[in-house]
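Where a number appears in this text, it was derived from the coordinates with a stated rule and is not lab data. The shown structure was predicted, so the numbers you read here are calculated from the model rather than taken from an experiment. Cβ atoms come from the backbone with ideal geometry, glycine included; neighbour counts cover every protein chain shown.
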Amino acid sequence: MGQDTGLFKKILVPVDFSPCSDEAFHVACDMARLCGAGLTVLHVIDMGTLESFNRLGLLAVPSDAALQRRRLRHHARLNVRRLLESAVAKGVDLTRVILEGSPFVEIAKTARTEKVDLVVMGSYGGRSGSVDKIFFGSTAEKVVRTAGCPVLTVPLPVSALQRKSTEA
């Protein structure tokens, strides 16, 4: 572990497995090593999306919701494990948390209840073009307003943005 600077002891990195979230994870690991901080990796399963699918009839039968919920939890565990076992996470004191609910609510609540010193998150996530963002703002913006601690938002590196624009 890195030197204890006393600046940050507990860092929270919410992840949604998007490229921007992966970049935030890299930055959070570097910050944790630099400060000698513990790092909590948080994934929130957005139950609002599952409920919307059910209301729109996108699930074949209502009983599919329980099966889909189990699949989402399994997918989350696998993806968080991939991050925790990655080379970038070597030497970092990591904790994994998987919750269900509204992402910004659970992120802010975790930041407050766990007395987090810093939240490091992607500036936008997997659903960046969604109607939710247009009408309600991004998850990152809401966390900045409600977390009660500093929030570092991490954009995609320019090279990744250029790659994405040429693929479109």
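Phi-derived couplings, Karplus 6.51 cos²θ - 1.76 cosθ + 1.60 at θ = phi - 60°, listed residue by residue for region 97-112: 9, 10, 10, 10, x, 7, x, 5, 5, 5, 5, 5, 5, 5, 4, 6 Hz, with x used for Gly and Pro. Taking 7 Å steps out from each Cα toward its Cβ at ASP93 and THR49 produces label points 3.2 nm apart.
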